[in-house]
1. Within the stretch 108-129, how many residues are part of a strand (DSSP E or B) and open to solvent by less than 80 Å² (accessible area, probe 1.4 Å)?
2. Give the number of residues within the stretch 62-87 that are at pLDDT 90 or above, surrounded by 13 or more Cβ atoms within 10 Å (Cβ to Cβ) and part of a loop (DSSP other than H, G, I, E, B).
3. Can you tell me which residue within the stretch 244-261, out of those that are without any contact (Cβ under 8 Å) to a residue 40 or more places away in the chain and out of contact with any Leu (no Cβ under 9 Å at 6 or more places or on another chain), is most open to solvent (accessible area, probe 1.4 Å)?
4. Against the definition (surrounded by 19 or more Cβ atoms within 10 Å (Cβ to Cβ) and touching a His at 6+ places or on another chain (Cβ under 7 Å)), how does F93 come out, yes or no?
5. Please count how many residues of the stretch 97-107 are in contact (Cβ under 8 Å) with a residue 60 or more places away in the chain and in a strand (DSSP E or B).
6. Yes or no: N200 open to solvent by less than 40 Å² (accessible area, probe 1.4 Å) and either modelled with pLDDT of 85 or more or touching an Asp or Glu at 6+ places or on another chain (Cβ under 7 Å) (or both)?
7. Please determine whether any residue of the stretch 151-168 is hydroxyl-bearing (S, T, Y), farther than 30 Å from G66 by Cα, touching a Phe, Trp or Tyr at 6+ places or on another chain (Cβ under 9 Å) and assigned to a loop (DSSP other than H, G, I, E, B).
Amino acid sequence: MDIPASRKGDAVSPVIGAILLVALTVVLIGIIGAVLMGFGMPEPAPILGIAIGSQGNIITVTHLNGAELPAGSYKILVDGADKTAAFGGTVDFGPGIQLRWDSETEKVGVVSVVYTSEKGVSTLIAEKRIGKAGSGGGDLTILHADGHTYSLSIFDGQWSEFKVIVSGTISGMNTPGREILYQDGKYWFVYDPCWLSKENALDSTYRVEDFNTYITTTTTGRWYPCMIEILNNEHVLTSADFSSGTTFKPEVLPLELGKLYTDGTNLYMYNYINATYPTVKTNYFTSTSSWEWMNIGTISST
């Protein structure tokens, strides 16, 4: 049976249309692919594990496993500020490497690690909120206590700075005598100079509290701590705390090492230690002996 010519044309037309549609699709895919290749596809971020932690003032960024980050390809940000160099992040950052930064008096909110590819694409690799309060980063010779401001007269510097000095010695050195050191928002009075080894000075996590566990004794049986924490976050004693003369009221006793007293002009710290330390303390104030009440500064505001 013959098929009419008109019906033959009807059968061929859809086939040709389909072929043309497929060809057009292939052409478009090629054009789009060429355009995308011209712009360049973003590189995938490296796969790795990073842990961010803190201990006191020390902030750590540890590479646990995975790809190595070449020096210059990553940044360590603290609240958006670039602290890479402060962390020692000028090295290839690979598994097992820990970068550290002593934040000292600075406030630390969020710590972030950002990787930037060769094509300039930045990727957040790790982030953690530390939430460490700062002390304002101001003059550390100024001490705030009980609503008043005092100028310290025997301030020697920061514990971290002293450790740097000791780390440059052959074996270590004594702490400064009868001076004040600062660390992590606290002030420490050097009651009795003690030896700090070079090994401990090189340990960034070694703090005054660790050092102060070392207590010396003499042939007299008296015990001496190396450091006394200044209790500036407590009530500062005044003449209003006397029951009579220079004797303190029972409610403020027993006196603790590091307790502060002011006569309205000078600031004194209690540092008397007797043979039965630390159970028995005196209950009077006298400014005649620095071995009982040490004059550490003067009031600068009310």
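The values are calculated or read from the model by the stated rules, or taken from the named source; none is laboratory data. Keep in mind that what you see is a predicted model, and the values were worked out from it rather than measured. Because the Cβ atoms are built from the backbone with ideal geometry, glycine has one as well, and the counts that use them run over all protein chains shown. Surface accessibility is based on the protein's heavy atoms, side chains included, excluding ligands, DNA and RNA. Shrake-Rupley method; radii C 1.70, N 1.55, O 1.52, S 1.80 Å.
1. 13
2. 7
3. Checking each candidate, the answer is E251.
4. In short, yes.
5. Selection size over the stretch 97-107: 2.
6. No.
7. The answer is no, given that none of the residues of the stretch 151-168 is hydroxyl-bearing (S, T, Y), farther than 30 Å from G66 by Cα, touching a Phe, Trp or Tyr at 6+ places or on another chain (Cβ under 9 Å) and assigned to a loop (DSSP other than H, G, I, E, B).
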